[in-house]
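**Q** One structure, pasted below without further comment.
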Amino acid sequence: MTKTETLSDFTKGVLRSYSQIFFSDNYWFAIPLVLVSFLDISAGLAGLLSVLTANIAASILKFDKLTTAKGFYGFNSLLVGLGLGYFYELTIVIVVIAIIAGFLTLLITIAFQGILGKYYLPYLSIPFVLSLWIVLSAGGMLNGTEDNQSGVYILNKLFIIGGHPLVTLHQWIVGKMPSNFINSYFLSLGAIFFQYNVFAGFVVAIALLLYSRIAFTLSLLGYSVAWLAYSFFGTDMTLIGYSYIGYNFILGAIAVGGYFYIPSRQSYFWAFAITPITALVSAGLFVLLKPFNLSLLSLPFNLVLLTFIYSLRFRTVHGKFREVLIQEGTPERNLYSYQSFTQRFPNFGWLQIKLPFLGEWYISQGQNGDDTHKGEWSDAWDFVIVNSESSQFTDDGNFSNDYYCFGQSIIAPADGTIVIAEDGIEDNKIGDVNTVKNWGNTIIIKHAEGLYSKLCHLQKGSIQVKVGDNVIYGQIIGKVGNSGRSPYPHLHFQLQATPYIGSKTLRYPLFVYMEDGKEIRTYSYPSKGSRIKSVDENSLLKKAFNLMPGTKLNWTIRTLNGSEKVTWEVLTNSYNNSYIHCQATKSSAWFKYDGVNFCFTHFEGDRKSLLYAFYLAAFKVPLVNTDSYISTDYLPVNHTYNRWRLFLHDFTSPFFMYLKASVEVKMITIGSEFDPDRVEYSSKLSGRSFNRLIWTKNYHLVVNSDNSLRFINQQSDLEALCEPY
């Protein structure tokens, strides 16, 4: 990393310390917050000194660079400095204390990161509360400290900073908003940065609105409920502003409603529900701390939120109120990414259990079948092979050998360990059944704790594995027979949670299969009467899309304005997720490859880049031979719509999403199915508002046999060629 890049990261880390107060790492959002902090020069400078000290110390002590750059190690020190500068004039003594306090707060932050991190809990602003209590308590014993009186003369302070225009603007805001509720809301927002004036709160509110519509509405919700709660309790409403209680409700609502939990009706409800609790805790702590001359600061918010988060970890059913696992930066991004991912990958994390055979088979009895698949054993399948006339046998079907499936090889449906391999049971004559050993010759494979597959009615002497053997997907383990309660040859297949013959079935989907020769199903449940077969991975597409870390893609881009070259590189992040990175445009696109589909999952960077267009065009492309099959998927709306449409949509998104974006991909194979010359994808993107079509985009992608790629953006007359790699 160059010195310039190091300085840039340091600057962003300092700025993000301001925005992290609102759980944000957006440094553009931080800029107006920095300006607000300097409405009181003493507070602003002391805050800046403390946050600079914390970030410099974190860098020197070699704490995690990413954590520092995101502002996590700086925002508590910033708050301590702001508080110190608010209560005391910025003398030489206070300058020194601000520096010392910044370092002290960093150490307390690291300590609480370790203590609470063991329970996967955030340290929030607890270090700020403890450190400021210590600093303010010590301040009264030190020489050279003077009380800051600027807070008493709000108009004088504004006049010094901005002259008559700023004073006039402040008076206009106060005059246009005579409501005590609205004024108190702005006062509480300003108090977050130790700026007790309506103008500061107004600026923070505008910045918050531009940063996140969800966070802004949650701030109003939290404050409104607190106002009603205090009115109900009969408590003096001036406590909300003058004792800095108000921002506890604002930050608490944002934290529960949109940061730590996915924004939804449920998150808004719980943001509403915990606010009266915070109000009650605030009232109680106010009385308890008063004899010690200690301010509440953000203590109520911290105690209630930590208790709430920790308690919810003990839920047995999560429902629709879901915790955010990976922060995307804003409540809107958390919401849109979650909705897109859960819609596209509803069974993410499930094991890939595939069909236990090759070729096309017919389901003679499905789940909840008419014959034996009932009650606790309902989630199973019976498979046979039929001809073009849907007959299972040749001749008269009087002998097992007449049946097409008899003696056919079966394979392990996934990697695992053999736990039962029972052989030696005679195959029945056609029409007879064995009710004593009704499961017949059986293999049970353990795939994971609580997940086993069972294959029954196998041919006597055909089992090729023994207990304890490790098997891999596709390995031949036996042959179809007619043993057990089986009047005719067939394969019984089920998933179960326990490793015993006779265990009840487990409803668990099959990873991928082709149904009736035209539909590709993933994580689904085939039904009776379906003809299904394993999908064949296209070798050309596997070579093109199975992108290994370190792979470089060299593109030549041609437009009406000329040509240019750009290089992409495949990388992995700390979560072991793969992504394509374009250094020239500072853009990245994350993807998944499962052998059946290549899917992009996330994009960050320049929307004018080739990588963004490629992300849209190849959002989901099938990697198997599926000519004439149209694959449909849905894109996150925040990656496809312009800012003003999305701005308005953000307000309703936790409750109702009226914007939708979809992509349809048609695949054509040129040449032999097994040795194609090229594969062509045509992608059509559509955007709808209230189900009304408002825009379309078309792309064309060609994968050649020499592993080169040709990409066409039909809207911008762009054509790009990628060299073989």
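The values are calculated or read from the model by the stated rules, or taken from the named source; none is laboratory data. Note that the structure is a prediction, hence the values are computed from the model and not measured. Methodologically, a virtual Cβ is constructed for each residue, glycine included, from the backbone with ideal geometry; neighbour enumeration extends over all protein chains shown.
**Q** Scan region 681-694 for residues that are surrounded by fewer than 19 Cβ atoms within 10 Å (Cβ to Cβ), in a strand (DSSP E or B) and among the polar types (S, T, N, Q) and jot them down.
**A** S682, S686, S689
**Q** Quick one: how many residues across region 664-710 are touching a Gly at 6+ places or on another chain (Cβ under 6 Å) and of a type in the set (D, E)?
**A** Matching residues across region 664-710 total 1.
**Q** Looking at region 285-332, which of its residues are within 12 Å of I245 (Cα to Cα) and either among the hydrophobic types (A, V, I, L, M, F, W, C) or modelled with pLDDT under 90 (or both)?
**A** Residues satisfying the conditions are L285, F286, S295, L296, L297, L299, F301.
**Q** I need the full set of residues from region 485-497 which are part of a loop (DSSP other than H, G, I, E, B) and either in contact (Cβ under 8 Å) with a residue 60 or more places away in the chain or closer than 19 Å to A412 by Cβ (or both), in order please. Working first, answer last.
**A** Keep residues of region 485-497 that are part of a loop (DSSP other than H, G, I, E, B), which gives 485-490, 497.
Of everything in region 485-497, those that are part of a loop (DSSP other than H, G, I, E, B) and either in contact (Cβ under 8 Å) with a residue 60 or more places away in the chain or closer than 19 Å to A412 by Cβ (or both) turn out to be R485, Y488, P489, H490, A497.
**Q** I need the strands (runs of 3 or more DSSP E) fully contained in region 541-619, keeping only those with at least 3 residues that are outside the structural domain of L66 (by TED's automatic domain parsing) and within 22 Å of the chain's Cα centre (by Cα).
**A** Those strands (runs of 3 or more DSSP E) span 562-572, 578-582, 587-593, 597-604.
**Q** Could you please let me know if S340 is farther than 16 Å from G222 by Cβ and either touching a strand residue (DSSP E or B) at 6+ places or on another chain (Cβ under 8 Å) or surrounded by 18 or more Cβ atoms within 10 Å (Cβ to Cβ) (or both)?
**A** Values: farther than 16 Å from G222 by Cβ: yes; either touching a strand residue (DSSP E or B) at 6+ places or on another chain (Cβ under 8 Å) or surrounded by 18 or more Cβ atoms within 10 Å (Cβ to Cβ) (or both): yes.
When the stated conditions are applied, S340 passes them.
**Q** Please determine, by comparing only the residues of region 306-322 that are loosely packed, with under 14 Cβ neighbours inside 10 Å and basic (K, R), which one is nearest to W270 (Cα to Cα).
**A** Of everything passing the filter in region 306-322, K320 is nearest to W270 (Cα to Cα).
**Q** Can you tell me which residue in region 524-535 is nearest to L623 (Cα to Cα), limited to those that are out of contact with any strand residue (DSSP E or B) (no Cβ under 6 Å at 6 or more places or on another chain) and surrounded by 13 or more Cβ atoms within 10 Å (Cβ to Cβ)?
**A** The selected residue is S534.
Per-residue answers, yes or no, for (1) touching a Pro at 6+ places or on another chain (Cβ under 7 Å); (2) in a strand (DSSP E or B):
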site	(1), (2)
A661	no, yes
K666	no, yes
I670	yes, yes
V679	no, yes
T696	no, yes
Y725	no, no
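**Q** Go through the residues of region 349-363 one by one and say whether even a single one is closer than 30 Å to S267 by Cβ and surrounded by fewer than 19 Cβ atoms within 10 Å (Cβ to Cβ).
**A** Within region 349-363, the subset closer than 30 Å to S267 by Cβ is 349-350.
When the remaining residues are screened for being surrounded by fewer than 19 Cβ atoms within 10 Å (Cβ to Cβ), the result is 349-350.
Within region 349-363 (the criterion being closer than 30 Å to S267 by Cβ and surrounded by fewer than 19 Cβ atoms within 10 Å (Cβ to Cβ)), the answer is yes, since at least one residue qualifies.
**Q** Kindly check whether there is at least one residue in region 353-376 that is assigned to a helix (DSSP H, G or I) and farther than 30 Å from Y86 by Cα.
**A** So far as region 353-376 goes, yes, one or more of its residues are assigned to a helix (DSSP H, G or I) and farther than 30 Å from Y86 by Cα.
**Q** Of everything in region 52-99, what is within 28 Å of the chain's Cα centre (by Cα) and either surrounded by 21 or more Cβ atoms within 10 Å (Cβ to Cβ) or not in a loop (DSSP other than H, G, I, E, B) (or both)? Give them in sequence order.
**A** Those that are within 28 Å of the chain's Cα centre (by Cα) and either surrounded by 21 or more Cβ atoms within 10 Å (Cβ to Cβ) or not in a loop (DSSP other than H, G, I, E, B) (or both): K65, L66, T67, T68, A69, K70, G71, F72, Y73, G74, F75, N76.
**Q** Now for a different question. What number of residues within region 544-577 are exposed (fewer than 13 other Cβ atoms within 10 Å of the Cβ) and at pLDDT below 90?
**A** 8
**Q** List the residue pairs whose Cβ atoms are under 7 Å apart, where the first residue sits in region 276-295 and is within 20 Å of I250 (Cβ to Cβ), the second is not in a helix (DSSP H, G or I), and the two are 6 or more positions apart or on different chains.
**A** Sorted first by the residue in region 276-295, then by its partner, the pairs are S282/I245; S282/L296; A283/T235; L285/L296; F286/S243; F286/L296; S295/S243; S295/Y244.
**Q** Could you please tell me which pairs satisfy a Cβ distance under 8 Å, a separation of 6+ or placement on different chains, a first residue in region 28-45 that is more than 17 Å from G71 (Cα to Cα), and a second residue that is among the basic types (K, R)?
**A** Taking only residues 6 or more apart or on different chains, the pairs are L39/K157; D40/K157.
**Q** Which of the residues that make up region 455-477 are surrounded by fewer than 24 Cβ atoms within 10 Å (Cβ to Cβ) and in contact with a Leu (Cβ under 7 Å, 6 or more places away or on another chain)? Step through it out loud before you land on a result.
**A** Filtering region 455-477 for residues surrounded by fewer than 24 Cβ atoms within 10 Å (Cβ to Cβ) gives 459-477.
None; the set is empty.
**Q** Restrict the check to region 115-122 and report whether at least one residue is modelled with pLDDT under 95 and more than 30 Å from V256 (Cα to Cα).
**A** No, region 115-122 contains no residue that is modelled with pLDDT under 95 and more than 30 Å from V256 (Cα to Cα).
**Q** A follow-up question, please. Restricting to region 370-392, name every residue that is closer than 18 Å to D432 by Cβ and in contact (Cβ under 8 Å) with a residue 24 or more places away in the chain.
**A** Those that are closer than 18 Å to D432 by Cβ and in contact (Cβ under 8 Å) with a residue 24 or more places away in the chain: T372, D382, V384, Q392.
**Q** With modelled with pLDDT of 90 or more, among the acidic types (D, E) and farther than 26 Å from S267 by Cβ as the only criterion, which of D627, D650, D606 stands out?
**A** The unique qualifying residue is D606.
**Q** Please pick out the residue among N698, N691 that is on the phi > 0 side of the Ramachandran plot, over 21 Å from the mean Cα position of the chain (by Cα) and modelled with pLDDT under 95.
**A** Answer to the selection: N691.
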